[in-house]
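S.K.: Attaching a single structure in structure tokens format; questions to follow.
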Amino acid sequence: MAKEEHSAITYREVLQRASSFLEKKGQSGFAAEWLLRERLNWTKTDLIKHDREKMPAPQQKQFEKDFEQLIKGQPMQQIIGHDWFFDRKFKVTPDTLIPRPETEEWLDKVLRQLPASSLNVLDIGTGTGVLAITVKLERPSDVVVATDISEAALKVACENANALKADVDFQQGNLFEPVKGKTFDVILSNPPYISKKELNVMDQSVIDYEPEIALFAKEDGLAVYQELACSISKYINPKGSIFLEIGYKQGKEVADIFKKVFPKANIDIWQDFSGLDRVVAISCV
């Protein structure tokens, strides 16, 4: 989209031009509206109230800058610097994965089925901290610990926890290394699970802008599950629960990995709203 000369133009006109440009390129025009609303901290209602007003030149200039990054492929959440999860604003950076609606969906299911009693919860590979922070805020009596191998990701997670006033214990290290000797009632993880063989079917913006360490795993994407399975029995309490996000082709393989560790456990594969395998849920007995 050619840059405007910052002439008198309404919010509606700016968005119509930007959306039309995106749609001609086969992209969703909604991204333009999202960028503008999030940059201005506006709701949909705010936009409707102002859409026939002239857009100030400084706002036009900022929108053009944001839009230029968008058409280059940068995710809109990184351009703005945040995303929403459970209606809460989380900072995101190139050092963290962008939270996905599929993750929000399965975490909601987990929260609805956990007992009301206080639990010890561990989030492995926390990234932005969305799982750990959300659990703590939705279940204040739980004791929540979160680990990540990335110092940069943990910095973002800590900032999010501070901003949202969530008392989460963040620890740096690989998988269970920072919590040796501790046990938990619930273990959550959204680990790296993408195989390099899937590069040809991935969105290019994910490859270019999101952290490789949080995306890809060896052994056709199964390496982290295999590593988790080697020691997870030492960290889960009797009758504890484990919830692992997985790739859409990995349900049976990941379930089989953990059946060897927990032969008597109830192991289910949850599908997401698209009907794709999304979570392996393990209920220990």
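The values are calculated or read from the model by the stated rules, or taken from the named source; none is laboratory data. Note that this is a predicted model, so its numbers are computed, not measured. Cβ coordinates were reconstructed from backbone atoms using ideal geometry, including for glycine residues, and neighbour counts include every protein chain displayed. In case anyone asks, the SASA skips ligands and DNA or RNA and just uses the protein heavy atoms, side chains included. Shrake-Rupley method; radii C 1.70, N 1.55, O 1.52, S 1.80 Å.
S.K.: At 0.36 nm per residue, minus the direct Cα-Cα distance, what do C230 and K264 gain on full extension? Give it in nm, one decimal, please.
M.R.: That pair, C230 and K264, stretches by 10.6 nm at full extension.
S.K.: Sticking with this one: Remind me, relative contact order of segment 1-139 in percent, using alpha carbon pairs under 8 angstrom and six or more residues apart?
M.R.: For segment 1-139, the relative contact order is 19 percent.
S.K.: Which angle between 0 and 90 degrees, to the nearest 10, do you get for helix 151-164 versus the longest principal axis of the chain when only C-alpha atoms count?
M.R.: Taking Cα atoms only, the helix is inclined about 80 degrees.
S.K.: With +1 assigned to the C-beta of every Lys and Arg and -1 to the C-beta of every Asp and Glu, and no other charges, what is the dipole magnitude of the chain about the Cα centre in debye, to the nearest 20?
M.R.: My answer is approximately 300 debye.
S.K.: Please report Rg (one decimal) and Dmax (integer) in Å for the Cα set of segment 67-107.
M.R.: My reading of the Cα-based Rg and Dmax gives 11.0, 34 Å.
S.K.: Oh, and also: Which value at 222 nm does the chain reach when only helices count, each DSSP H run of 4 or more adding -39,500 (n - 2.57), with the total divided by all residues and rounded to the nearest 500 deg cm²/dmol? Don't skip to the answer; put the middle values down first.
M.R.: Details: 11 runs with 114 residues, N = 285.
So the helix-based figure for the chain works out to -12000 deg cm²/dmol.
S.K.: In addition: If contacts are Cα pairs under 8 angstrom and at least 6 residues apart, what is the relative contact order of segment 98-196 in percent?
M.R.: Result for segment 98-196 is 32 percent.
S.K.: Next question, about the same structure. Rounded to the nearest 0.05, what FRET efficiency do R112 and K89 have when you use their Cβ-Cβ distance and R0 = 30 Å?
M.R.: Numbers: r = 23 Å, r/R0 = 0.76.
With a Förster radius of 30 Å, E is 0.85.
S.K.: Further question on the same structure: May I ask for the angle, rounded to the nearest 10°, between helix 30-40 and the longest principal axis of the chain, with both axes built from Cα atoms and the value confined to 0 to 90°?
M.R.: Approximately 90 degrees, to the nearest 10.
S.K.: Also: May I ask you to give the solvent-accessible area per residue for the chain, in square angstrom, as obtained with a 1.4 angstrom probe? Numbers along the way, then the final one.
M.R.: On the way: 14350 Å² over 285 residues.
Accessible area per residue, the chain: 50 Å².
S.K.: Measure off 7 Å from each Cα along the Cα-to-Cβ vector at D256 and E151, then give the distance between these two points in nanometres to one decimal.
M.R.: Placing both labels 7 Å beyond Cα along the Cβ direction yields 4.0 nm.
S.K.: Can you give the FRET efficiency for I9 and Q69, using 1/(1 + (r/R0)^6), R0 = 25 Å, r = Cβ-Cβ distance, to the nearest 0.05?
M.R.: 0.75
S.K.: Something else about it: Return a whole-number percent for the relative contact order of the chain, with Cα pairs under 8 Å and 6 or more residues apart as the contact set. Present the calculation step by step, with values, prior to reporting the outcome.
M.R.: Details: 465 pairs, mean separation 37.1, N = 285.
Averaging sequence separation for qualifying contacts and normalising by length gives 13 percent for the chain.
S.K.: Between K61 and S141, how many nm apart are label points set 7 Å from Cα along the C-beta direction?
M.R.: Each label point is offset 7 Å from its Cα along the Cβ direction, giving 5.5 nm.
S.K.: In square angstrom, rounded to the nearest 10, how much accessible surface does K234 have for a 1.4 Å probe?
M.R.: That residue has around 140 Å² of solvent-accessible surface.
S.K.: Using 7 Å Cα-to-Cβ label points, what is the Q27/A223 separation (nm, one decimal)?
M.R.: About 3.2 nm separates the two model spin labels.
S.K.: Once fully extended, how much extra length lies between Q271 and K182, figured as 0.36 nm per residue of separation less the alpha-carbon to alpha-carbon distance? Walk me through the numbers on the way to the answer.
M.R.: Numbers: separation 89, 0.36 × 89 = 32.04 nm, distance 3.07 nm.
Result for the pair: 29.0 nm of gain on full extension.
S.K.: Checking the a/c ratio against 1.5 first, then a/b against b/c, what shape does the Cα gyration tensor give for segment 47-87?
M.R.: Here segment 47-87 falls in the oblate category.
S.K.: Now, a different point. Return the single residue from K182, K89, K44 with maximal mean-square fluctuation; model: Gaussian network over the chain, springs between Cα atoms under 10 Å.
M.R.: K44
S.K.: Choose one answer from V261, V143, V130: the residue with the largest mean-square fluctuation in a GNM of the chain with alpha-carbon springs under 10 Å.
M.R.: Result: V261 has the largest fluctuation of those listed.
S.K.: Quick check: Cα centre of segment 1-73 to Cα centre of segment 137-157, how many Å?
M.R.: Spelled out, the Cα-based centre of one part sits 35 Å from the other.
S.K.: Something else about it: When averaged across all projection directions, what area in nm² does the alpha-carbon convex hull of segment 1-136 cover?
M.R.: So the mean shadow area of the Cα hull is 9.9 nm².
S.K.: Considering only V135, V224, V92, give the residue with the highest GNM mean-square fluctuation for the chain, with springs between Cα atoms whenever their separation is below 10 Å.
M.R.: In the Gaussian network model the winner is V224.
S.K.: Something else: Largest first, what is the accessible-area ranking of E245, E33, E138, E104 with a 1.4 Å probe? Present the calculation step by step, with values, prior to reporting the outcome.
M.R.: Numbers: E245 10, E33 30, E138 85, E104 60 Å².
Sorted descending by solvent-accessible area, the residues read E138, E104, E33, E245.
S.K.: Quick one: angle between helix 57-71 and the longest Cα principal axis of the chain, in degrees between 0 and 90, rounded to 10, please.
M.R.: 50
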